[in-house]
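For reference, the structure I am asking about is given below.
Where a number appears in this text, it was derived from the coordinates with a stated rule and is not lab data. None of the values given here were measured: they were computed from a predicted structure. No Cβ is skipped: glycine too gets one built from the backbone with ideal geometry, and neighbour counts run over all protein chains shown.
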Amino acid sequence: MQDVFVHTQTMDYDAWYAIFSDTRPPTREEYGIHTVSVSRDVSNPNNVMLHLRVEDLGRMREYLGLDAFKRFSGEAGVVGRQMWFGEEQPAPPV
């Protein structure tokens, strides 16, 4: 699995979250995209950081290219998005 961190800028967090939580097909899970966490910026609550786990980056790219994803993003008021890809590493002992 691949870790993906997505910084999403929205016009309105509540509107974005309603669309993000929607289970209309196609769902992220159908494309092997699993939500680990959703965090809001304490200084600007319309900025969101998502931690996703992705089974296959090719399938994720397919999902991001769907007209439905683009429509959902527009409906959700997304005004910007950046993604970082990483692989989990062992944490140092405490």
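Starting from the 7 Å offset along Cα-to-Cβ, what nm value, one decimal, do you get for the label separation of Arg71 and Val42?
Roughly 4.0 nm, to one decimal.
Stretched out fully, how many nm does the piece from Leu64 to His7 gain, at 0.36 nm a residue minus the Cα gap? Write down the numbers at each step before the final one.
On the way: separation 57, 0.36 × 57 = 20.52 nm, distance 1.48 nm.
Using 0.36 nm per residue and subtracting the Cα-Cα distance, I get 19.0 nm.
If you take the C-alpha gyration tensor of segment 5-53, multiply each eigenvalue by 5 and take the square root, what semi-axes do you get, largest first, in whole Å? Please list the in-between numbers first.
On the way: eigenvalues 81, 35, 9 Å².
With the √(5λ) rule applied to segment 5-53, the semi-axes are 20, 13, 7 Å.
What nm value, rounded to one decimal, do you get for the distance between His34 and Glu88 when each label is placed 7 Å out toward the C-beta?
If labels sit at His34 and Glu88, their model points lie 0.9 nm apart.
Arranged by the count of other C-beta atoms within 10 angstrom, fewest first, what order do Trp84, Trp16 take?
Details: Trp84 10, Trp16 23.
Ranked by crowding around the Cβ, least crowded first: Trp84, Trp16.
I'd like to know how the chain sits against the 2.2 N^0.38 Å rule of thumb: what's its Cα Rg over that expected value?
Dividing the Cα radius of gyration by 2.2 N^0.38 Å gives 1.12.
So the label point goes 7 Å from the Cα of Arg24 along Cα→C-beta, right? Which residues of segment 48-79 then have their backbone N under 15 Å from it?
66-78
Right, something else. Filter the GluC sites (Glu not before Pro) in the chain down to the DSSP loop ones having no more than 15 other Cβ atoms within 10 Å, then list what survives. If you can, show how the numbers build up before the last one.
Numbers: sites: Glu29, Glu30, Glu55, Glu62, Glu75, Glu87, Glu88; in loops: Glu55, Glu87, Glu88.
Answer in residue order: Glu55, Glu87, Glu88.
Short version: ³J(HN,Hα) in whole Hz for each residue of segment 37-45, in order, from phi by Karplus 6.51 cos²θ - 1.76 cosθ + 1.60 (θ = phi - 60°), x for Gly and Pro, what are they?
Along segment 37-45, the couplings run 7, 10, 10, 10, 5, 5, 8, 9, x Hz.
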